[in-house]
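Structure, as structure tokens:
The values are calculated or read from the model by the stated rules, or taken from the named source; none is laboratory data. Note that the coordinates shown come from a computational prediction; the quantities given were computed from them, not determined experimentally. A quick note on method: Cβ atoms are made from the backbone with ideal geometry, for glycine too, and the neighbour counts reach across all protein chains shown. Heavy atoms of the whole protein, side chains included, go into the accessibility calculation; ligands, DNA and RNA do not. Shrake-Rupley method; radii C 1.70, N 1.55, O 1.52, S 1.80 Å.
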Amino acid sequence: MPASTPTAPPTGSDSDSRGEGVRATSVAGGLTRTVGALFGHSAFRFLVSGGAGAAVDGGMLFLLHGKLHVWLPLATFLSVATSYGVNFSLNRFWSFNSVARVGGQMARYLILAAGNWIFNVAMVTGLAALGLHYLVAKLITLAVAGALNYVGYRVWVFR
């Protein structure tokens with residue numbers, strides 16, 4: 001039987017590199033869990049859905065009012081109405097993973113939407129009358145309405 005050669009204990013640099021690998025794996029795993037939790041949270045998904053809706057809303061408003069010269073209150077109303085179709089679908093199925101009956105949700109959503117349409121038309125038109133560019137007015141309106149809508153969607157519409 002061959003004699004075994006004694007092995008030297010690990011040197012400081014070997015143990016440091018092993019520790020670095022463990023720490024790196026731990027950090028990567030923690031980052032993966034954090035990113036996964038972020039993407040999995042309804043607030044983040046709501047923001048992404050809202051971003052898609054805002055892009056539709058702003059794009060429609062620019063097209064209707066900026067290019068086709070549709071009266072601003074009507075253009076705002078139509079752009080909001082279009083974006084709400086996008087928002088309802090994304091929020092129902094993705095943001096809040098709702099499986100409740102669509103009829104009740106749609107009724108609650110339309111009640112909230114009616115208030116939002118009035119709020120959007122009044123706020124955009126009012127801010128534009130104060131001298132803000134209509135797209136800046138729209139961004140401010142979206143920020144305020146977005147915060148209010150998240151709460152409304154989460155606790156009332158998509159419960």
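A few comments on the model shown:
- Qualifying residue in region 106-121 (condition: part of a helix (DSSP H, G or I), aromatic (Phe, Trp, Tyr), more than 27 Å from His41 (Cβ to Cβ) and touching a helix residue (DSSP H, G or I) at 6+ places or on another chain (Cβ under 7 Å)): yes
- Residue count for region 124-138, restricted to those that are open to solvent by 50 Å² or more (accessible area, probe 1.4 Å) and either among the hydrophobic types (A, V, I, L, M, F, W, C) or under 21 Å from Ala55 (Cβ atoms) (or both): 6.
- Of the residues making up region 98-118, those that are touching a Ser or Thr at 6+ places or on another chain (Cβ under 9 Å) and surrounded by fewer than 12 Cβ atoms within 10 Å (Cβ to Cβ) number 0.
- Residue match in region 150-158 (condition: basic (Lys, Arg) and closer than 19 Å to Phe77 by Cα): no
- Boolean, Val136 is under 24 Å from Leu64 (Cα atoms), touching a helix residue (DSSP H, G or I) at 6+ places or on another chain (Cβ under 7 Å) and assigned to a helix (DSSP H, G or I): no
- Inter-residue pairs, beta-carbon under 8 Å, first farther than 20 Å from Gly51 by Cα and in region 94-118, second modelled with pLDDT of 90 or more and basic (Lys, Arg), 6+ apart: Val102/Arg92; Gln105/Arg92
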